[in-house]
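Asks: Structure incoming, see below.
The values are calculated or read from the model by the stated rules, or taken from the named source; none is laboratory data. Everything quoted here is computed from the prediction, not taken from an experiment. Neighbour counts are summed over all protein chains in view; Cβ atoms, including those assigned to glycine, are modelled from backbone coordinates with ideal geometry. Calculation scope for accessible area: heavy atoms of the full protein, side chains included, ligands and nucleic acids excluded. Shrake-Rupley method; radii C 1.70, N 1.55, O 1.52, S 1.80 Å.
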Amino acid sequence: MTAYNLTFQPYRRRFRQPLQTHHGIWEVREGIIVKLVDELGNAGWGEIAPLPWFGSETLEDAIAFCRGLGEKIEVNDLKSIPSHLPACQFGLECAIPSVASNPNFPKARYSYLLPAGENALERWESLWQQGGRTFKWKIGIHSLQQEIPLFEKLARSLPEGAKIRLDANGGLNLEAAKTWLQGLDLSKKVEFIEQPLPPSELDAMVQLSGDFTTPIALDESVATLQQLEGCYEKGWRGIFIIKPAIAGSPQQLRQFCQQYGIDAVFSSVFETEIGRRAALNLAAELSNPNRAIGFGVNHWFD
Ligand SMILES: [Mg+2]
């Protein structure tokens, strides 16, 4: 049986400007780089990039788990990582030494994350000049009375051919979600709205996706493979945002996506280049080719 030597190193990476979402303010991305070396001396790297407010393990859980594995591990250890450690499943499985590939997407295939609030109005243009055509803007942070007029301003300012996605991070209530969707159905300017309600409100989101024409995407609801399977079973047939770095085992994720042919939009969790490359490889294979992927985030770091 193949055995590996495991080493790991935690990292900290500060955002150029804090990231503001309904979950709060995020200033530093922390994670772990893991390295596996097989008996022939082949090395592979992987990244554990937890997102605990999305339901993944914490950084501390991940460090404790890596420590507990010890320096010598076997391939079975990698296959039996418990499902409550999805970021560890991803990072360690990706670190298995293999032929490296480096997927290259055109700029127009990334969705670029704009800053929340008014700052979006000044930010989109340079991203557009660099080739970006899809932009994502966070809502559910300020009041409806503030955000709807700002959105309309943003939508008017974007050139023909631009696409907008809205992401509420589960921060709306049912009334607010309906107000947004009524307006969006009329303006027809939005590709989809992401996670309008919290994950506990799945039935209401299924209902909304039947009542309005603007598509709805689940994100927080489907953070891990188990949740993804659960929502599919409960009848969700809209868009699924998949963050491979916290979804769990890439192997099992691949199986699920291929079996059910879901409308998947792969997306970043602000991982470093190591996790990003592994996530992009999965996106190239499994993300809906007609939609931009949520990896336009490098401008958030120096
Ligand atoms: Mg989201």
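Asks: Between a first residue in region 54-70 that is within 20 Å of Gly24 (Cα to Cα) and a second residue that is open to solvent by 20 Å² or more (accessible area, probe 1.4 Å) and modelled with pLDDT of 95 or more, which pairs have beta carbons less than 6 Å apart while being 6 or more apart in sequence or on different chains?
Replies: Here the result reads Thr58/Pro52; Leu59/Glu30, each pair linking region 54-70 to a residue that is open to solvent by 20 Å² or more (accessible area, probe 1.4 Å) and modelled with pLDDT of 95 or more.
Asks: Taking the stated definitions as given, is Gly294 within 16 Å of the ligand (Cβ to nearest atom) and outside any helix (DSSP H, G or I)?
Replies: In short, yes.
Asks: Residue under question is Trp26, and the condition is that it be under 20 Å from the mean Cα position of the chain (by Cα), modelled with pLDDT under 95 and hydrophobic (A, V, I, L, M, F, W, C); does it hold?
Replies: Answer is no for this residue.
Asks: Which condition number in (1) in contact with a Leu (Cβ under 8 Å, 6 or more places away or on another chain); (2) away from the ligand (no atom under 14 Å from the Cβ); (3) not charged (D, E, K, R) is the one that Ala264 fails?
Replies: (2)
Asks: All but one of (1) surrounded by 15 or more Cβ atoms within 10 Å (Cβ to Cβ); (2) more than 23 Å from the chain's Cα centre (by Cα) hold for Glu125; which doesn't?
Replies: (1)
Asks: Here is a follow-up. Picking from Ser268, Ser249, which residue would you name as being touching a Gly at 6+ places or on another chain (Cβ under 7 Å) and either without any contact (Cβ under 8 Å) to a residue 12 or more places away in the chain or under 29 Å from Arg13 (Cα atoms) (or both)?
Replies: Ser268
Asks: Of these, Glu93, Glu71, Glu118, which one is in contact with a Ser or Thr (Cβ under 6 Å, 6 or more places away or on another chain), among the acidic types (Asp, Glu) and over 18 Å from Phe270 (Cα atoms)?
Replies: On inspection, the qualifying residue turns out to be Glu93.
Asks: Within region 170-187, can you find the residues that are within 16 Å of the ligand (Cβ to nearest atom) and among the hydroxyl-bearing types (Ser, Thr, Tyr)?
Replies: Passing the criteria: none in range.
Asks: Here is a check on your reading of the model: is Leu208 in contact with a Pro (Cβ under 9 Å, 6 or more places away or on another chain) and either under 27 Å from Phe256 (Cβ atoms) or within 16 Å of the ligand (Cβ to nearest atom) (or both)?
Replies: Yes; evaluated as a whole, the condition is true for this residue.
Asks: Inspect region 157-169 for any residue being assigned to a loop (DSSP other than H, G, I, E, B) and within 16 Å of the ligand (Cβ to nearest atom) and give the result as yes or no.
Replies: yes
Asks: Scan region 226-246 for residues that are closer than 18 Å to Glu47 by Cα and open to solvent by 10 Å² or more (accessible area, probe 1.4 Å) and jot them down.
Replies: Across region 226-246, the qualifying residue is only Lys243.
Asks: Also: For region 193-218, name all the residues that are touching a strand residue (DSSP E or B) at 6+ places or on another chain (Cβ under 6 Å) and either surrounded by fewer than 19 Cβ atoms within 10 Å (Cβ to Cβ) or touching a residue at least 60 places away in the same chain (Cβ under 8 Å) (or both).
Replies: Scanning region 193-218 gives a single hit, Pro215.
Asks: Hey, another quick one. When you go through Gly261, Gly294 one by one, which is the residue that is of a type outside the set (D, E, K, R) and closer than 26 Å to Gly161 by Cα?
Replies: Checking each option against the conditions leaves just Gly294.
Asks: So, restricting to strands (runs of 3 or more DSSP E) that lie completely within region 1-84, which ones have at least 1 residues that are at positive phi?
Replies: Ranges flagged: 24-38.
Asks: Among Thr21, Thr2, which is the only one that is among the hydroxyl-bearing types (Ser, Thr, Tyr), within 26 Å of Ile242 (Cβ to Cβ) and modelled with pLDDT under 95?
Replies: None of the other options fit; the residue is Thr21.
Asks: Across region 87-111, what is the number of residues that are within 16 Å of the ligand (Cβ to nearest atom) and either open to solvent by less than 20 Å² (accessible area, probe 1.4 Å) or polar (S, T, N, Q) (or both)?
Replies: 1
Asks: With Gln207, Gln226, Gln182 as the choices, which residue is within 30 Å of Cys88 (Cβ to Cβ) and of a type outside the set (A, V, I, L, M, F, W, C)?
Replies: When all the criteria are applied, what remains is Gln226.
Asks: If you don't mind, there's one more thing I want to ask. Any idea which of (1) touching a residue at least 24 places away in the same chain (Cβ under 8 Å); (2) more than 16 Å from the ligand (Cβ to nearest atom) is the one Val190 doesn't satisfy?
Replies: Result: Val190 passes all but (2).
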